[in-house]
Amino acid sequence: MKSMRNVRITLAAADERYIEPFLLYARTGEFAKRVSVRAFSQLDAFLAAMAAERPDFVLGEPAFLTPWLQGEGSRGVPWAALDGGEAENAALGGTVLHAFQPLNRLLTAVLDLAGTAQSAGSASQAGAQIIAVHSAAGGVGKTAVALNLAKQLGGRGQRVFYLNLETWDSAASFRAAGSESGLPGLLYELRTARENGEACRSPLSRHAPFQEKLKSLSFPPLERPDELLQMSEADTAGLLDYLATCGACDVIVADTDTEDHDRCRALLRRADRVLWLLADDLLHLRRTAGWMNHREARQPAEFYDLIGRSVFAVNRCGGRLDNVLPRPDLRPLAFLSYIPSWKALSREDVLLGSPIFQRDILALCEQLGLGGSRRPPPASAPYAAAAATGGAS
């Protein structure tokens, strides 16, 4: 797992009573491994420091930003203003963030803006890796695996986005609602940008808050599934491309239905890795093999490309397999433990707090190489050859 370089933030605010809790939270909270903050309450000290160094991001009150922005040293340094008076904000003309919003939201917005600026300034920067958690049959614990995967990666310092594309969102209770516009607002902006032939430049923090339970960004739950049901394959692909390239994420953990609809098809085509969950159950394995046989016969090139990006894991495993795997390419990379206490689940923290399952998920993360290059390793030779020729080699 690669270590993420801290984002160097310079904070400029006149009131030390604002600076002190900000620094304490940044140095001891969940962002401690992701940011380093220098703070100034005196204008002269701030300007002298900015003349001597270039931080990754500047967050300051207009009284500090105005003289700094008039100098040469501000060029190329992304910044945002802490909300002052309307006249001051209008004169600056840049992004304005509310100073007294919860600090986790404020720092998430800062990291979002800093990441977007770095992405725009470097054409060679790789985007986020998209991990699709998939199964050919329901009831295998797909959402539980996706939630734990997102939480464990987020807890290890990765910038994670948990994307739930299920028609009936089984993870809604793990995500808090907020003032952000959510998925509907972002889809509207993406469609508008696409119709105008432009790139969507809306910051992700405008649409998705940081979800403390998951240690990840995620859209607030939808009140109704209408927006999801109306999503086309192009809408889903555009959403995934935006999330992967907006600069705010390292990893996207995506969870969708087992049904063959536009959202699922777009995710399986766009994902860098497909974590394919299996159950040690004869009927489940037969259904999985049937799905694979059908796809291989009808769409061989697409099927071999998919399998080349797939890894298989057996969930709810008691330690050994009781059934024979029906296809030779169903080779499990990992075995995730069966947690008996989940059968009588009454508290959400139990689902995300099993030490045994956390151990298994962390081992799976290492095996997947999450946090490395966005593109997965090359497909195995037989699948690569089959994908190139449109059939089995």
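Every number here is computed from the coordinates shown, using simple stated rules; none is lab data. Given the structure is predicted, the values throughout are model-derived calculations rather than measurements. Neighbour counts are summed over all protein chains in view; Cβ atoms, including those assigned to glycine, are modelled from backbone coordinates with ideal geometry.
How are the Cα pair distances of the range 289-354 distributed, in percent, across 5 Å bins from 0? Per 5 Å bin, starting at zero, the Cα-Cα P(r) for the range 289-354 comes out as 4, 13, 19, 17, 13, 12, 12, 7, 3 percent.
Per residue, the convex hull spanned by the Cα atoms of the range 260-300 measures out at 84 cubic angstrom.
Consider a paramagnetic label point 7 Å from the Cα of Asn323 along Cα→Cβ; state which residues of the range 263-282 have an amide N under 11 Å from it. Answer for the range 263-282: 278-282. Straight-line cross-link partners of Lys215 among the aspartates and glutamates, defined as a Cα under 17 Å from its Cα and at least 8 positions apart when in the same chain: Glu30, Asp112, Asp250, Asp255, Glu348, Asp349. If the chain linking Leu24 and Glu302 were pulled fully straight, counting 0.36 nm for each residue of separation and taking away their Cα-Cα distance, it would gain 95.0 nm. Between Glu259 and Gln101, the FRET efficiency estimated from the beta carbon spacing at R0 = 51 angstrom works out to 0.85.
Multiplying each eigenvalue of the alpha-carbon gyration tensor of the range 138-223 by 5 and taking the square root yields semi-axes of 24, 15, 12 Å, largest first, rounded to whole angstroms.
The range 129-389: percent of C-alpha pairs farther apart than 35 Å? Before the final figure, lay out the partial values.
Numbers: 4374 of 33930 pairs.
The proportion of pairs with Cα distances above 35 Å equals 13 percent.
Proximity of backbone amide H atoms, modeled 1.01 Å from N, is registered between Ala39 and Leu11 at under 5 Å, excluding neighbours fewer than 5 places apart on the same chain.
Residue separation of Ala63 and Lys33 scaled by 0.36 nm, minus their Cα-Cα distance, works out to 7.8 nm of gained length.
Could you tell me the calculated FRET efficiency between Lys343 and Asn293, based on Cβ-Cβ distance and R0 = 25 angstrom, to the nearest 0.05?
Numbers: r = 32 Å, r/R0 = 1.29.
In this case the efficiency is close to 0.20.
Less than 5 angstrom separates the built amide H of Gly369 from none of the residues sequence-distant by 5 or more or on a different chain. 3J(HN,Hα) couplings calculated from phi for the range 325-341 with the Karplus curve 6.51 cos²θ - 1.76 cosθ + 1.60 (θ = phi - 60°) are, in sequence order, 5, x, 9, x, 7, 8, 9, x, 7, 8, 10, 9, 5, 7, 10, x, 5 Hz; Gly and Pro show x.
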